[in-house]
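Okay, so here's the structure we're looking at.
The values are calculated or read from the model by the stated rules, or taken from the named source; none is laboratory data. Remember, it's a predicted structure, so these values are computed and weren't measured experimentally. Here the Cβ positions follow ideal geometry from the backbone for every residue, glycine too, while neighbour counts run over all protein chains shown. Remember, those area values only see protein heavy atoms, side chains included, never the ligands or the DNA or RNA. Shrake-Rupley method; radii C 1.70, N 1.55, O 1.52, S 1.80 Å.
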Amino acid sequence: MNPGTTRQILANPVIEDFPLDYTPEALNEIYQLTSGQPYLLQLVGFQLVRQYNDFVFEQGRSRNPVFTVEDVQAVIQDPVFFKRGSGYFTGVWGQAAQGADGQQVILHLLAPHPEGLSLDALTQSTSLGSEIIQAALTTLKRHDVVEEIQGDWRVIVELFRRWILQEKLDISNP
């Protein structure tokens, strides 16, 4: 989804008289983290509401009903967040094991570099041939997992990139 649609879905749910809102910065942060991926948008929104309900209704404390960047960061830094989203993360990772060879290796190489890596840097970081790397990148791009920006390849969804970094994934780097 694009940033406008993302903002519309999160800030204006179909629930009438929904009392919660977001700062523009929080909406930007959510889009930056999810790239508009619907499942992750829903997960972040759900966790924010859950956090709010726990604070206000379970703990009986009051707070402003407007979510901030700090609220978003608190949600995604909670170790439970990535466990709750494991279906998405493991699904994308598993899909990268199918089709063109080397997809998982490339994702593993790209994960530490949010700004991305050039094709030359990818080629130098592995013994995969350039044809294999190109086929893997083409497949990952077709599945909206990576994108090329000004000659550098990067993982599109920031939360997926972070998941790759924190997981002890079984890959072989030929």
inquiry  = Cβ-Cβ under 9 Å, sequence separation 6+ or interchain: first residue in the range 100-125 and over 21 Å from His143 (Cβ atoms), partner acidic (Asp, Glu) and open to solvent by less than 20 Å² (accessible area, probe 1.4 Å). Which pairs?
reply    = none
query = Are there any pairs with C-beta distances below 8 angstrom linking a residue in the range 58-73 that is of a type in the set (Phe, Trp, Tyr) to a residue that is assigned to a loop (DSSP other than H, G, I, E, B), with the two at least 6 apart or on different chains, and if so which?
reply = Phe67/Leu20; Phe67/Thr23
task = Those residues that are open to solvent by 60 Å² or more (accessible area, probe 1.4 Å), touching a helix residue (DSSP H, G or I) at 6+ places or on another chain (Cβ under 8 Å) and either of a type in the set (Phe, Trp, Tyr) or assigned to a helix (DSSP H, G or I) (or both), I need them from the range 59-90; list them, please.
result = Arg84
note = The lone condition Val80 fails out of (1) over 22 Å from Glu147 (Cβ atoms); (2) over 16 Å from the mean Cα position of the chain (by Cα) is (2)
message = So in the range 1-58, with the set limited to residues that are charged (D, E, K, R) and in a helix (DSSP H, G or I), which one is most open to solvent (accessible area, probe 1.4 Å)?
response = Glu58
inquiry  = Residues that are open to solvent by less than 30 Å² (accessible area, probe 1.4 Å), at least 3 per element: which helices (runs of 4 or more DSSP H) completely within the range 91-174 meet that?
reply    = 103-110, 130-142, 158-166
